[in-house]
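A.B. asks: Can you read through this structure? Questions will come right after.
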Amino acid sequence: MRRFAISFAILVSITLVMIASRAHAEYVKDGALICDAGDRYYGPALVTIPGAAIIAWADNRNGNMDVFAQKVDSTGLRLWATDGVAVCTAAEDQDNVRMVSDGAGGSIIVWADKRSGVSHIYAQRIDADGNVLWAPDGISVCTASIEQTYPQIIASGVPGGAIIAWWDNRTGYNNSDIYAQAVDGDGNALWTSDGVPVCAADGNQYNTVLIPDGAHGAILSWEDNRVAEGDLYIQRIDSTGAALWDNDGVAACTASSYQILPRLASDGNFGAFIAWTDNRDGNYDIYMQRFDQYGYPNWYTDGIDIASQTYHEVATDIVPDGAGGVIVVCGEDRDVEPGIYAMRVSEYGYAEWLWSGIPICTAPNGPETPQTVPDGSGGAVIAWTDWRKGQSDIYAQKIDATGEVLWTTDGVLICRAPNDQSDVGLAADGDGGAIIAWRDSRAGNTYHTYAQRISGEGLWGNPEPSIVSCHDAPDDQGGYVRIKMTASSHDIAQEKDYPITGYNVWRELRSPGGGLLAAGDAPAAEDAALFSFFEEAANTPGARISRAQAAALGFPSGDWESLGLHAARQDTVYYFAVPTESDSTASGTGWETYVVTAHTPTTSIVIVSNCDSAYSVDNLAPPVTEGFAGAETASPHGLSLT
């Protein structure tokens, strides 16, 4: 193992005080309860906003299925009414709930609504405090004849607005078409009443998906049997609802047999990638195509095969990779190691990882219905339901931009509660992790809604300690500041997988030097030597890590000095009295910056808090000096001290 020089010139002490409060954050192992009213649930839908998440669902607390929503803060604490605020409690059932952020701390929710006896489309906007902003029980998006079902929704890019698409049977139960409508922030319909036809071709069009086009419009795809059963079409509409490509859509694939389950991702240039499951060769394979902003396919007619083996593959999700390409997640029924696999495909249709895919989970009898979100760094977080233990549980995995799987083999267990957990909703948390919500039957023959955060390190809840305040230590002669910190969610007796063993405070160096490695010599983040060095530094007061090492470990920018590791005590709030390099004086204020790291038995997991700054002051007057005697003399005039 490579050894690094460490400076021991500065030995410091930290006074650690724990308080006895036991009120841990609401995200607890196996998930935080969101709602347990009623016993039948549909959903949930989920969006994240800065520092919080909004979860929407339908439940039967009032006898029929109604729509409710709840907001949780970054710790999972419920912020609205205990069992959520009512979004719609109209007569009959409301279900097929979908939701997007409104861009102002609230959300726009859409659902299929049977208040009139048949299914129509309704929507509601709620603000950051859970107040409904549109008509009571929602605005009607479409109440055309017969019925409309399976709404989908995206943000339009107009403040508080959205574009909604659905299956529409206004011309007959055996003639399903695709319609869409835009609404503004006040709930006003912007296009033709009851929506504009995206595709009204002969036959049935269904299973529609849509994404923003980047110019206040949308790109939609659907299954289509206007000519033959099981083709795929795609269309782009602008901010007025006008079709920008061919009327009734451009053929994405009209190969023989069935093409099903289209999935879309933006290409970042007003076009889209589309992936689907394809039966043209007798097996279900994965094909892709890219369409530019003008509706022209960029690759071979009827798409390129990205997974075409002798076993079945089913495209389940596709997300942008942040570099012009996409990450595709699919389920594969392989003879050896069936499960979930991920592939990264470039803007030109080339495989960036193994063409056979990177295994995400190959546990026996394991994964189903994976959901995927970008991690913000070119990778993705994937969550799914899993049957490996004989019941349906929730698992998750993270893969980085290079195709390296980052968490536990076959996924991190999100919920192992009794009975089944299903219907996963997933949203990125903005910090490399995700918020996961699901339908949960741990209480028996009833279903409730639960949620959990999974951090960028693959740990449940809020494993990051949080510095609440950092101030000068009062009533001392300087040299110390006092840090108040809330503990990691893993600092509990029940945590067996990744328990917190201790915390270390780090001070940013004003004058880097001493035991630092040169930036060019810092090992890469995946190098075991770096993690070993970090643990050694954390246990050694005065040890230092360089700017390059800090960046690889997830620290804020800067060079940092260890102030010593102290054992965790399974408390919720800690106070640290930590030394400063110098006090503030009349000549200037000596601001210093601190972070705290939480440590587990696994050295490769580095958990870093937010940073905060403070300065120290000598705020005690010097004591009176005793033992002096004095005498005044007249000549020479003065005072003599002895």
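The values are calculated or read from the model by the stated rules, or taken from the named source; none is laboratory data. Since the model is a prediction, treat every value here as computed from it, not as a measurement. Cβ sites come from the backbone with ideal geometry, for glycine too, and all protein chains shown count toward neighbours. Ligands, DNA and RNA are excluded from the accessible area calculation, which covers all protein heavy atoms including side chains. Shrake-Rupley method; radii C 1.70, N 1.55, O 1.52, S 1.80 Å.
A.B. asks: Quick one: what pairs do we get from the range 355-373, first residue under 19 Å from Asp285 (Cβ atoms) and of a type outside the set (Phe, Trp, Tyr), second at pLDDT 95 or above and not in a strand (DSSP E or B), C-beta under 6 Å, 6+ apart or different chains?
C.D. replies: Ile358/Gly403
A.B. asks: Looking only at residues in the range 585-620 that are small (Gly, Ala, Ser) and crowded, with 17+ Cβ neighbours inside 10 Å, which one is farthest from Phe555 (Cα to Cα)?
C.D. replies: Applying the filter and picking the extreme gives Ser616.
A.B. asks: Would a scan of the range 289-306 turn up a residue that is assigned to a strand (DSSP E or B), farther than 28 Å from Trp384 by Cβ and modelled with pLDDT of 95 or more?
C.D. replies: yes
A.B. asks: While we're on this one: Looking at Asp393, Asp333, which one is surrounded by fewer than 17 Cβ atoms within 10 Å (Cβ to Cβ) and more than 21 Å from Gly554 (Cβ to Cβ)?
C.D. replies: None of the other options fit; the residue is Asp333.
A.B. asks: Would you confirm, using the coordinates I've provided, whether Gly160 is open to solvent by less than 10 Å² (accessible area, probe 1.4 Å), under 23 Å from Asp102 (Cβ atoms) and either among the aromatic types (Phe, Trp, Tyr) or in contact (Cβ under 8 Å) with a residue 12 or more places away in the chain (or both)?
C.D. replies: yes
A.B. asks: Do you know which residues across the range 101-119 are open to solvent by 60 Å² or more (accessible area, probe 1.4 Å) and of a type in the set (Ser, Thr, Tyr)?
C.D. replies: Of everything in the range 101-119, just one residue is open to solvent by 60 Å² or more (accessible area, probe 1.4 Å) and of a type in the set (Ser, Thr, Tyr), namely Ser116.
A.B. asks: Across the range 146-157, what is the number of residues that are assigned to a strand (DSSP E or B), among the small types (Gly, Ala, Ser) and crowded, with 21+ Cβ neighbours inside 10 Å? Outline the logic, then answer.
C.D. replies: From the range 146-157, those assigned to a strand (DSSP E or B) are 148-155; that's our starting set.
Retained after the next criterion (residues that are among the small types (Gly, Ala, Ser)): 155.
Next, only the ones that are crowded, with 21+ Cβ neighbours inside 10 Å stay: none.
Number of matching residues: 0.
A.B. asks: Tell me which residues, restricted to the range 54-100, are buried (at least 19 other Cβ atoms within 10 Å of the Cβ) and β-branched (Val, Ile, Thr).
C.D. replies: Ile54, Ile55, Val67, Val72, Val87, Val97, Val100
A.B. asks: Right, another one. Go through the range 412-435 and give me each residue that's open to solvent by 30 Å² or more (accessible area, probe 1.4 Å), assigned to a loop (DSSP other than H, G, I, E, B) and of a type outside the set (D, E, K, R).
C.D. replies: Pro418, Asn419, Gly430
A.B. asks: So in the range 226-243, with the set limited to residues that are at pLDDT 95 or above and out of contact with any Phe, Trp or Tyr (no Cβ under 8 Å at 6 or more places or on another chain), which one is surrounded by the fewest Cβ atoms within 10 Å (Cβ to Cβ)?
C.D. replies: Ala242
A.B. asks: Still on this model: What strands (runs of 3 or more DSSP E) completely inside the range 88-135 contain at least 1 residues that are among the aromatic types (Phe, Trp, Tyr) and over 21 Å from the mean Cα position of the chain (by Cα)?
C.D. replies: Numbers: elements: 94-101, 107-113, 120-126.
Once the strands (runs of 3 or more DSSP E) in the range 88-135 are filtered for at least 1 residues that are among the aromatic types (Phe, Trp, Tyr) and over 21 Å from the mean Cα position of the chain (by Cα), what remains is 107-113, 120-126.
A.B. asks: So, in the range 127-145, exactly how many residues are within 18 Å of Val47 (Cα to Cα) and open to solvent by less than 20 Å² (accessible area, probe 1.4 Å)?
C.D. replies: Residues that pass the stated criteria total 1.
A.B. asks: Filter the range 25-78 for residues that are part of a strand (DSSP E or B) and among the charged types (D, E, K, R); which is nearest to Ile454 (Cα to Cα)?
C.D. replies: Among residues in the range 25-78 that are part of a strand (DSSP E or B) and among the charged types (D, E, K, R), the one nearest to Ile454 (Cα to Cα) is Asp73.
A.B. asks: When you go through Phe576, Phe533, Phe555 one by one, which is the residue that is at pLDDT below 85 and within 30 Å of Lys496 (Cα to Cα)?
C.D. replies: Going through Phe576, Phe533, Phe555 in turn, the sole match is Phe533.
A.B. asks: Asn419 fails exactly one of the following numbered conditions: (1) within 23 Å of the chain's Cα centre (by Cα); (2) farther than 18 Å from Val326 by Cβ; (3) in contact (Cβ under 8 Å) with a residue 24 or more places away in the chain. What is the number of that condition?
C.D. replies: Only one criterion is unmet by Asn419, namely (1).
A.B. asks: Give the residues of the range 492-527 that are of a type in the set (D, E, K, R), modelled with pLDDT of 65 or more and within 30 Å of Leu413 (Cβ to Cβ), sorted by residue number.
C.D. replies: Glu495, Lys496, Asp497, Asp527
A.B. asks: Right, next: Condition check: crowded, with 22+ Cβ neighbours inside 10 Å and touching a residue at least 60 places away in the same chain (Cβ under 8 Å). Does Ile454 satisfy that? Break it down into steps so the answer makes sense when it comes.
C.D. replies: Details: crowded, with 22+ Cβ neighbours inside 10 Å: yes; touching a residue at least 60 places away in the same chain (Cβ under 8 Å): yes.
Here the answer is yes, as Ile454 does meet what is asked.
A.B. asks: Right, another one. For the range 470-512, which residues satisfy the criterion of being within 16 Å of Ser609 (Cβ to Cβ), of a type outside the set (S, T, N, Q) and part of a strand (DSSP E or B)?
C.D. replies: Passing the criteria: Cys470, Val481, Arg482, Ile483, Lys484, Met485, Gly502, Tyr503, Val505, Trp506, Arg507, Glu508.
A.B. asks: In the range 276-298, how many are aliphatic (A, V, I, L, M) and touching a Phe, Trp or Tyr at 6+ places or on another chain (Cβ under 7 Å)?
C.D. replies: Number satisfying all stated conditions: 1.
A.B. asks: Of everything in the range 401-411, what is surrounded by 17 or more Cβ atoms within 10 Å (Cβ to Cβ) and closer than 18 Å to Asn365 by Cβ? Give them in sequence order.
C.D. replies: Across the range 401-411, the qualifying residues are Asp410, Gly411.
A.B. asks: Follow-up. Can you name the number of the only condition in (1) closer than 16 Å to Tyr122 by Cβ; (2) open to solvent by less than 10 Å² (accessible area, probe 1.4 Å); (3) within 32 Å of the chain's Cα centre (by Cα) that Asp168 fails?
C.D. replies: (3)
A.B. asks: Right, here's the next one. How do the strands (runs of 3 or more DSSP E) wholly within the range 581-633 filter down when requiring 3 or more residues that are modelled with pLDDT under 85 and either over 19 Å from Ala473 (Cβ atoms) or over 41 Å from the mean Cα position of the chain (by Cα) (or both): which remain?
C.D. replies: It comes to 630-633.
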